[in-house]
Amino acid sequence: MSDDSSVRIASHLRSVAAERGPGAKLPSTRELAARFGAGPVTVQRALARLVAEGVVETRSGAGTYVRRAPRATVSGDLSWQTAALGPARSGPSAVGSTMRSVPHDTIALHGGYPDTTLLPMREIASAFTRLTRGGGRPEAFARPPTAGLPDLRRWFVDDLDADDWRDSDALITSGGQAALVATFGALARPGEAIVMESPTYWGAIAAARQAGLVIVPVPRTGGAPSAADLDAAFASSGARLAYVQPNFANPTGDVWTAAQREAILDVVRAHRTFLVEDDWAHDFAMDITPRPLVCDDTDGHVIYIRSLTKSLSPTVRVAGVLARGPARARIGTALTVSDLYVSPVLQAVALDVVARPAWRSHLHRLARALQGRRDALVSALAVGAPMIEVPAVPRGGLNLWAALPAHTADGTPTDPGLVAARALALGVAISPGPEWFPTEPTGPFIRLNFAAAGPERYDEAVAILAAAVDPV
């Protein structure tokens, strides 16, 4: 009956809109509910239908209006911008496929975030409520210190559980990407080199290119850059900066061993360079809980970045940067110039959630849930798409790094981009491997996020992937 009523209301409003014309105000929800004997939800359903059709538009606090016709646009000649802008800094693919929006019924294995069912949404909602009820925390509604709320900075330092770090060493940023952009820009000038593991996070590649840096790739050997390769990269390029992910690297899931950590830090100290440690998966440990590399550094070589966005909520973009000495001052200046400060409301909400005992309980539940999803997707691939190989099952993080067969059945070299396009057309979104390499890829790879789509759709997704790899 509600569906019938919403159809009748929508039909009536179409007639009213056609009669009154663009910009006219339509009857209120209360008037429509009384006229048709329907509830407010039914009226809202009818309005939502007309909004989707482009017939009406709602204006917050003002009501519903007949949508105005789009303004006529004048097509100008924009070709002059090509010469004015000059060479692009971002490279051929500035934004990775993880940021792509897909239809709601697509099986999303491409993204960089967990499904909201895995996040502490109830705790976040409660934190917002506490913040606004009875005045909440006054500091959340005033301009905060440019470095961030003192209590949140203290939490990042205390949670690191390492010696010799002070609250004043911490900076709060609006997410990990903002931290990377500011750090790269503060510690290297355009035209200088930055050393990166290969493959690595596409966002770091994009940030380095946007800053005008020359990326010097170093392959992982046994899960980490070899000390010899890193030494040679610093020596040949003159780089004073490197970007690394020692724990649960994105996209491969690699974790550096104790011996690798020590050898790499020795090279960094010998060359008197900075190492930017991206601890993006700190809250996504499953089988092991490795300590951040920064815990082994006392001389200010390691710049540590840890984001809470993925483990709290995409709407709470908060991260911490830990650095010492003049490097910390330069990063702080870069952050202030770009953002002035991070929303104190989001800082206060983040602190409210992570400082409570329930946060630890949430992380334990999250680890079990991620482990179950990871194992389910690995099993589904083994059964339904044995031609897709997972070289190493990650012990933390959100992703599987999978190798495609070198050639299709007809002998054609496998193209990960083409496989991704075929899969998307069939209803599965994945991330093609080439965008995770700062230079030419070393093989046909894809990255699959097991934290976004539910396990109940893995078998369907794997069947589609198998068809996309080698279509009949």
Problem - Flag for residue 305 being buried (at least 24 other Cβ atoms within 10 Å of the Cβ) and not in a helix (DSSP H, G or I) - result: yes
Completion exercise
For region 172-185, pairs from a residue that is at positive phi to a residue that is aliphatic (A, V, I, L, M) and buried (at least 22 other Cβ atoms within 10 Å of the Cβ), with Cβ under 6 Å and 6 or more apart or across chains, are 175/319
Practice task
Specify which of the listed residues (102, 157) is more than 29 Å from residue 361 (Cα to Cα), in contact with a strand residue (DSSP E or B) (Cβ under 8 Å, 6 or more places away or on another chain), open to solvent by less than 60 Å² (accessible area, probe 1.4 Å) and of a type outside the set (Lys, Arg).
Solution key: 102
Fill in the blank from the handout: The residue that is most open to solvent (accessible area, probe 1.4 Å), considering only those in region 243-259 that are of a type in the set (A, V, I, L, M) and closer than 23 Å to residue 321 by Cβ, is 255
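Residue-by-condition table, conditions (1) closer than 30 Å to residue 123 by Cβ; (2) within 20 Å of the chain's Cα centre (by Cα); (3) of a type in the set (A, V, I, L, M, F, W, C); (4) assigned to a helix (DSSP H, G or I):
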| site | (1), (2), (3), (4) |
| --- | --- |
| 337 | no, no, yes, yes |
| 346 | yes, yes, yes, yes |
| 349 | yes, yes, yes, yes |
| 356 | yes, no, no, no |
| 361 | yes, no, no, yes |
| 373 | yes, yes, no, yes |
Handout entry: Count of region 190-242 residues which are open to solvent by 30 Å² or more (accessible area, probe 1.4 Å), over 25 Å from residue 400 (Cβ atoms) and aromatic (Phe, Trp, Tyr)
Key = 0
Fill in the blank from the handout: Of the residues in region 383-395, those that are assigned to a helix (DSSP H, G or I) and open to solvent by less than 70 Å² (accessible area, probe 1.4 Å) come to 384
Completion exercise
Within region 396-418, restricting to residues that are without any contact (Cβ under 8 Å) to a residue 60 or more places away in the chain, under 15 Å from residue 466 (Cβ atoms) and small (Gly, Ala, Ser), the one that is least open to solvent (accessible area, probe 1.4 Å) is 402
Exercise for the section: Could you grab me the full set of residues in region 34-66 that are open to solvent by less than 60 Å² (accessible area, probe 1.4 Å), under 33 Å from the mean Cα position of the chain (by Cα) and either among the β-branched types (Val, Ile, Thr) or farther than 13 Å from residue 10 by Cα (or both)? Expected result: 57
Practice task
Could you tell me whether region 154-173 includes any residue that is aromatic (Phe, Trp, Tyr), in contact with a helix residue (DSSP H, G or I) (Cβ under 8 Å, 6 or more places away or on another chain) and more than 20 Å from residue 339 (Cα to Cα)?
Solution key: yes
Problem - Residues (part of a strand (DSSP E or B) and within 17 Å of the chain's Cα centre (by Cα)) located in region 402-445 - result: 429, 431, 432
Problem - Members of region 263-286 found to be open to solvent by 20 Å² or more (accessible area, probe 1.4 Å) and assigned to a helix (DSSP H, G or I), listed by number - result: 263, 266, 269, 270, 271, 282
Completion exercise
Here the residues within region 1-33 that are of a type in the set (Ser, Thr, Tyr), in a helix (DSSP H, G or I) and either within 41 Å of the chain's Cα centre (by Cα) or under 14 Å from residue 58 (Cβ atoms) (or both) are 2, 6, 29
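The values are calculated or read from the model by the stated rules, or taken from the named source; none is laboratory data. Only a predicted model underlies this, so the values are computations on that prediction, with no experimental measurement involved. Note that we place each Cβ from the backbone using ideal geometry, even for glycine, and neighbour counts take in every protein chain shown. Note: accessible area is taken over every heavy atom of the protein model, side chains too, but ligands, DNA and RNA are not part of it. Shrake-Rupley method; radii C 1.70, N 1.55, O 1.52, S 1.80 Å.
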